[in-house]
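Student: Sharing a structure, written as structure tokens. Questions coming.
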Amino acid sequence: LDVVALVPAGHAEARAARAAIVHAFYVLAALAAAMVLLVVMIHRSVAVWIDEIGRLVRRLARGERGISIGREPDQSELGLLAADVDALARTLTAKEAKLEETEHRLFEALELIHDGFAMFDGTDRLVLWNSKYEAMFGPARHALQAGRTVEELVRAGARAGLYAGADDVEAYVA
């Protein structure tokens, strides 16, 4: 656009108008460039944290433990969220280690019991047992699996001949 052509030649006002329009164009171009740069910087900042948080959550979901966010979180909302997810991962790792230790102690205690011992849940499903209980099942020990019902275990034991007078398995189980 030729601004000078719109205003009669030789007028000082025309030059001033042209200079003002050119100046405004440069200001707008600089503002547009700054906005684009700002959007790119914000996008990169947000995308980095979203990638880090997503990577950590996916690794936790796969069962990986002892992992961390991999960089020092900043004070942005996403940085603080990343720090919280990182803390959750550390807490989860510590709790699982404590659970494994407790489970180990429980199984050691079960083995100290002199008799066969089994624990069933509220739906009569086998939860855990000691080696003496397993030995009592002899040829039917293959049936001892967590989640099996009392009825399934009795049926397996009757089929294996563990119970005297259990020739008719179905009648014995009933």
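The values are calculated or read from the model by the stated rules, or taken from the named source; none is laboratory data. Everything numeric here is computed off the predicted structure, so don't read it as measured data. Cβ: placed from backbone, ideal geometry, glycine included. Neighbour counts: every protein chain shown. Just so you know, the surface numbers come from the protein's heavy atoms only, side chains and all, with ligands and any DNA or RNA stripped out. Shrake-Rupley method; radii C 1.70, N 1.55, O 1.52, S 1.80 Å.
Student: Rank these residues by their accessible area, most exposed first, probe 1.4 Å: Ile113, Ile50, Ile67.
Tutor: Final ranking, largest accessible area leading: Ile50, Ile113, Ile67.
Student: Given a 10 angstrom Cα cut-off, can you work out which residue in Ala83, Ala29, Ala19 is the most mobile in a GNM of the chain?
Tutor: Taking springs between Cα atoms under 10 Å, the residue moving most is Ala19.
Student: Would you calculate the separation in nanometres between label points at Ala171 and Thr91, each defined as 7 Å from the Cα along the Cα-to-beta-carbon direction?
Tutor: Label-label distance for Ala171 and Thr91, simple model: 6.0 nm.
Student: OK, next. For a quick check: with amide H placed at 1.01 Å from N, whose amide H comes under 5 Å from Thr149's, ignoring anything fewer than 5 positions away on the same chain?
Tutor: When sequence neighbours closer than 5 places are left aside, the close amide H contacts are Leu126.
Student: Enter the angle in degrees (range 0 to 90, nearest 10) between the Cα long axis of helix 12-61 and the first principal axis of the Cα atoms of the chain, meaning the one along which they spread out most.
Tutor: Rounded to the nearest ten degrees, it is 10.
Student: So, for segment 61-174, what is the accessible surface per residue at a probe of 1.4 Å, expressed in square angstrom?
Tutor: Working: 7710 Å² over 114 residues.
Ligands and nucleic acids excluded, the figure is 68 Å² per residue.
Student: Could you compute how much accessible surface Ile53 exposes when probed at 1.4 Å, giving the result in Å² to the nearest 10?
Tutor: Counting only protein heavy atoms, the figure is 20 Å².
Student: Then there is this: Towards the positive end of the charge dipole of the chain, with charges on Cβ (+1 Lys, Arg; -1 Asp, Glu), say which of Ala118, Ala83, Ala140 has the farthest Cα.
Tutor: Most positive-ward Cα: Ala83.
Student: Mind checking the alpha-carbon convex hull of the chain and giving the volume per residue in Å³? The partial results should precede the final answer.
Tutor: Details: hull volume 38.5 nm³, N = 174.
For the chain, the hull spanned by Cα atoms encloses 221 Å³ per residue.
Student: Quick one: among Leu60, Leu99, Leu153, which has the greatest mean-square fluctuation in a GNM of the chain with alpha-carbon springs under 10 angstrom?
Tutor: Leu153
Student: While we're looking at this one, here's another question. Top to bottom by accessible area (1.4 Å), largest first, where do Asp121, Asp115 land? Don't skip to the end; give the middle numbers.
Tutor: Working: Asp121 65, Asp115 105 Å².
My answer, sorted largest first, is Asp115, Asp121.
Student: Where does the chain land at 222 nm, in deg cm²/dmol rounded to the nearest 500, when only DSSP H runs of n ≥ 4 count, each adding -39500 (n - 2.57), divided by all residues? Can you show the working numbers first?
Tutor: Working: 6 runs with 112 residues, N = 174.
Rounded to the nearest 500, it is -22000 deg cm²/dmol.
Student: Got a sec to turn the phi values of segment 133-150 into Karplus ³J(HN,Hα) couplings, 6.51 cos²θ - 1.76 cosθ + 1.60 with θ = phi - 60°, whole Hz, x for Gly and Pro?
Tutor: For segment 133-150, the Karplus curve yields 5, 4, 5, 5, 7, x, x, 9, 4, 4, 6, 6, 9, 4, x, 5, 7, 4 Hz.
Student: Percent of accessible area on segment 32-147 owned by carbon and sulfur, 1.4 Å probe? Could you put the intermediate results ahead of the total?
Tutor: On the way: 5040 of 8100 Å².
Heavy-atom surface of segment 32-147 belonging to carbon and sulfur, 1.4 Å probe: 62 percent.
Student: If you take every residue apart from Leu110 with its C-beta less than 13 Å away from the C-beta of Leu110, what net charge results, scoring Lys and Arg +1 and Asp and Glu -1?
Tutor: On the way: positive: Arg105, Lys132; negative: Glu103, Glu108, Glu111, Asp115, Glu134.
Residues close to Leu110 contribute a combined charge of -3.
Student: Also, I was wondering about something else. Once you have the Cα-Cα distance between His23 and Leu80, take 0.36 nm times their residue separation minus that, and quote the gain in nm to one decimal. Walk me through the intermediate numbers first.
Tutor: Numbers: separation 57, 0.36 × 57 = 20.52 nm, distance 4.27 nm.
Gain on extension, His23 to Leu80, equals 16.3 nm.
Student: Sorting Arg125, Arg58, Arg159 by accessible area (1.4 Å probe), largest first, what list results?
Tutor: Values: Arg125 100, Arg58 135, Arg159 160 Å².
My answer, sorted largest first, is Arg159, Arg58, Arg125.
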